Amino acid sequence: MLSRTMLLLGIAISWLAFAPPAIAQRPPAQEQDADGVAAARLWAQAHLDELTQLYRHLHAHPELSYQEEQTAARIAAEWKQAGFEVTSGVGGHGVVGILKNGAGPLVMLRTDLDALPVTEDTNLVYASQVRVQDPSGGEVGVMHACGHDVHMTSLTGVARFLSSHRELWSGTLMLVGQPAEERGGGAKAMLEDKLFDRFGKPDFALALHVDATIPTGSVGYRGGFAMANVDSIDITMRGKGGHGAFPHTTIDPIIQAAELVLSLQTIVSREVKPIEPAVVTVGAIHGGSKHNIIGDSCHLQLTVRSYTDEVRTQILEAVQRKAKAVAMSNRAPEPEIVISEGTPALFNDEKLSARMAKPLKAVVGEQNFVEREPSMGGEDFGRFGRAGVPILMFALGSVDAKRLERYQQLGQSPPSLHSSQYYPDTDETLVTGVTAMTAAVLELMRK
């Protein structure tokens, strides 16, 4: 028995003596992945089941803007479990998580909490069945049609990884769960609740947003203006009601609305400098009650988009001027004009964007690093930049390449964000989201 043991020991020693240096002298794991990015990807893959469970729970239990009570409670619990000091009720249902890990920068990571009044039509087994009453008393579905469930899950994954790998970074992490992004008011409410006075003003702020047009495993990127100023305008044209057979005895508000719709189209085409991006869209008109009745009022709902403050001011002034001019030309009372739910353009800090390009490109590869065009969509993450913090929001591919290819073969566009049929392919989306955001954080906070 002893002789057999000695023989096996001799064989083992001989094998080690002739083994290739890369095997016999393998460096410690931390030296193999000095920046921790590969470790983050492996962690996300190993914990994908847990992340998917969280994602599906959030997806199946959406809440509208300013109503995110249960969503905020779940996110607060997740971040507490990850080791963060959590404060709830910031600017409404906002959540803030703080994790201090020695000297270094204060880096803010933001996710949005709210969902949309959209009835889901994806046929997923975990599809939202939530229904609520809208302001008019009708029933409407609620859905995470803009990917905020992916954002929350990805950020929670980043929080768990960085909390359990504190040897990789130094400084203070601030997680922000922001309410009411879809209504453009959540960031403003948190700032007005003294977010930066209470928890510190970040040196940098990062966020990601799913993209329905680029494949999973990709990251979209843009420095400078990335999303637009957004303003919602309600205009009520007023008239004098009466019988449809005797229009000469009335002042028709629907005629005024029709004139105004056409007049508004000349703002962008004839008043705004042609190289300045701008949009004026009339999204809804409500007026009248019956074929032969001329009503007293007609209500129009507009969305206005721009990039610069100067063009934003110019368009808002022009809309009001034209509405009043139409009313005056019809000898009608002055219209009621309400401008609401505005949010400023999102401007990605150009120095921060250039710095983040390298780690993000390293995560997804050169071929999957997509330079995005500016969008006329809106995002109130830009308010944190207006508050003096260098910010960057990057795009996260969320639809499998084969599925995108199939849409192309069929001559169809993939369902866009806010569509009742949009859904992400979650496995690669979540793994890439956790890895990319972790790489960005470590670029700023690496020891």
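The values are calculated or read from the model by the stated rules, or taken from the named source; none is laboratory data. Here the structure is a predicted model, which means the values were calculated and not measured. Neighbour counts run over all protein chains shown; Cβ positions are idealised from the backbone, glycine included.
Annotations for the structure displayed:
- Scope region 267-281; condition closer than 15 Å to Gln320 by Cβ and in contact (Cβ under 8 Å) with a residue 40 or more places away in the chain; matching residues: Ile267, Glu271
- Total residues in region 167-187, condition of a type in the set (S, T, N, Q) and surrounded by fewer than 24 Cβ atoms within 10 Å (Cβ to Cβ): 2
- Glu350 surrounded by fewer than 18 Cβ atoms within 10 Å (Cβ to Cβ), in the same structural domain as Gly397 (by TED's automatic domain parsing) and in contact (Cβ under 8 Å) with a residue 40 or more places away in the chain: yes
- Some residue of region 426-447 being polar (S, T, N, Q), more than 14 Å from Val219 (Cβ to Cβ) and either in a loop (DSSP other than H, G, I, E, B) or touching a residue at least 40 places away in the same chain (Cβ under 8 Å) (or both): yes
- Considering region 301-314, the residues that are out of contact with any helix residue (DSSP H, G or I) (no Cβ under 6 Å at 6 or more places or on another chain) and aliphatic (A, V, I, L, M) include one that is nearest to His286 (Cα to Cα), namely Leu302.
- Residue identified as among the hydroxyl-bearing types (Ser, Thr, Tyr) and farther than 30 Å from Gly186 by Cβ among Ser329, Ser375: Ser329
- Among (1) surrounded by fewer than 23 Cβ atoms within 10 Å (Cβ to Cβ); (2) in contact (Cβ under 8 Å) with a residue 24 or more places away in the chain; (3) in contact with a Leu (Cβ under 9 Å, 6 or more places away or on another chain), the one test that Glu69 misses: (3)
- Among residues of region 101-119, those that are of a type in the set (Gly, Ala, Ser) and either under 22 Å from Ala60 (Cα atoms) or modelled with pLDDT under 95 (or both), counted: 1
- Leading residue by the ranking (nearest to the chain's Cα centre (by Cα)) among those in region 390-415 that are within 23 Å of Leu54 (Cα to Cα) and not aliphatic (A, V, I, L, M): Phe394
- Within region 380-435, the set of residues being under 24 Å from Leu155 (Cβ atoms) and either at pLDDT below 95 or of a type in the set (Lys, Arg) (or both) comprises Arg383, Arg386.
- Pro414 being in a loop (DSSP other than H, G, I, E, B), in contact with a helix residue (DSSP H, G or I) (Cβ under 6 Å, 6 or more places away or on another chain) and outside the structural domain of Asp296 (by TED's automatic domain parsing): yes
- Listing of strands (runs of 3 or more DSSP E) fully contained in region 111-194 that carry 3 or more residues being touching a helix residue (DSSP H, G or I) at 6+ places or on another chain (Cβ under 8 Å): 171-178
- Here is the figure for region 206-221: residues that are among the aliphatic types (A, V, I, L, M) and in a loop (DSSP other than H, G, I, E, B) total 0.
- For region 282-308, the set of residues classified as surrounded by 13 or more Cβ atoms within 10 Å (Cβ to Cβ), within 25 Å of the chain's Cα centre (by Cα) and in a strand (DSSP E or B) consists of Val282, Gln301, Leu302, Thr303, Val304, Arg305, Ser306, listed by residue number.
- Residue among Gly288, Gly217 that is touching a residue at least 24 places away in the same chain (Cβ under 8 Å) and closer than 30 Å to Ile98 by Cα: Gly217
- All of Ile98, Ile75 fail the test of being closer than 19 Å to Ala115 by Cα and either modelled with pLDDT of 95 or more or part of a helix (DSSP H, G or I) (or both), apart from Ile75.
- Verdict on Gly342 being under 18 Å from Arg305 (Cα atoms), modelled with pLDDT under 95, in a strand (DSSP E or B) and not β-branched (Val, Ile, Thr): yes
- Residues located in region 222-245, provided they are over 20 Å from Tyr307 (Cα atoms) and either assigned to a strand (DSSP E or B) or in contact with a Cys (Cβ under 6 Å, 6 or more places away or on another chain) (or both): Asp234, Ile235, Thr236, Met237, Arg238, Lys240, Gly242, His243
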